[in-house]
Amino acid sequence: RTLVFATNNQHKLEEVQAIVGNNFALRSLKDIGCEADIPETGTTFEENASQKSRYIFDHFGLDCFSDDSGLEIDALNGEPGVYSAHYSGTRDTEANLQLVLDKLGSNPNRGARFRCVISLILNGKEHFFEGSVEGTITTGRSGKSGFGYDPVFQPLGYKETFSEMSAQEKNQISHRGRAMEKLVEFLNQIQ
Ligand code: ITT
């Protein structure tokens, strides 16, 4: 089975490729010649995930899935949430991360979660898969691997941030790993 993964985020693509392995072939937006900046105008992960997968289905007629994800911080009323990719007004990871640290300051309430919603369109029908991981926002950055807010996110029950973990360790407990696990299980059941 071949599926398009509707993302422009190379890190998401690598994480997801490692999860699906040889189970099915992934095609990127580049592979199908899609250079459009797919509009994301929703106010929920579900809406944005739908917009991305529907765009591919409507324009290319291909089976596909998309990932909309982000970081929800309790003390910031769930921000950055759907605005995680451009919280500071730019897509600069450093600036976004620094804004989160500045807004939290020395606030002792540092609870947060990563959420991921996947929209799969198979034969024109949409299915959703969700995953989340609880944790805390550290006071400074630690680690080099991963992407986005990984250097400041410490999952519950662990002493390391996502950036201090291997890709495999992160995938085992992450929001994306959990959502993808459900998607793979669904595909295995119907084929
Ligand atoms: P696509 O829409 O092209 O898939 P994107 O990066 O714009 O790529 P989103 O709109 O879903 O994706 O924004 C997700 C943002 O949330 C991402 O850019 C990171 O800032 C953050 N994020 C999501 N998952 C993350 C993870 O596993 N580790 C660190 N940050 C993450």
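The values are calculated or read from the model by the stated rules, or taken from the named source; none is laboratory data. Values in this document were obtained by computation on a predicted structure and should not be read as measured data. Here Cβ is always computed from backbone atoms with ideal geometry, including for glycine, and neighbour counts include all displayed protein chains.
What to note about this one:
- Test: residue in the stretch 42-58 that is under 22 Å from ASN123 (Cβ atoms), of a type in the set (Phe, Trp, Tyr), surrounded by fewer than 19 Cβ atoms within 10 Å (Cβ to Cβ) and more than 11 Å from the ligand (Cβ to nearest atom): no
- Residue match in the stretch 143-158 (condition: polar (S, T, N, Q), in a strand (DSSP E or B), under 30 Å from GLN191 (Cα atoms) and modelled with pLDDT of 95 or more): no
- The one condition in (1) within 13 Å of the ligand (Cβ to nearest atom); (2) under 30 Å from ARG1 (Cβ atoms) that ASN123 fails to fulfil: (1)
- The residue pairs whose first member lies in the stretch 146-175 and is within 7 Å of the ligand (Cβ to nearest atom), whose second member is of a type in the set (Asp, Glu), and whose beta carbons are closer than 7 Å, counting only pairs six or more residues apart or on different chains, are PHE162/ASP150.
- All helices (runs of 4 or more DSSP H) inside the stretch 4-115 with 2 or more residues being touching a residue at least 12 places away in the same chain (Cβ under 8 Å) and in contact with a Ser or Thr (Cβ under 7 Å, 6 or more places away or on another chain): 45-60, 93-104
- Lone unmet requirement of (1) touching a residue at least 40 places away in the same chain (Cβ under 8 Å); (2) within 11 Å of the ligand (Cβ to nearest atom); (3) closer than 17 Å to ARG113 by Cβ for PHE129: (2)
- Just one of the listed residues (GLU134, GLU94) is of a type outside the set (Ser, Thr, Tyr), within 15 Å of the chain's Cα centre (by Cα) and surrounded by fewer than 17 Cβ atoms within 10 Å (Cβ to Cβ), and it is GLU134.
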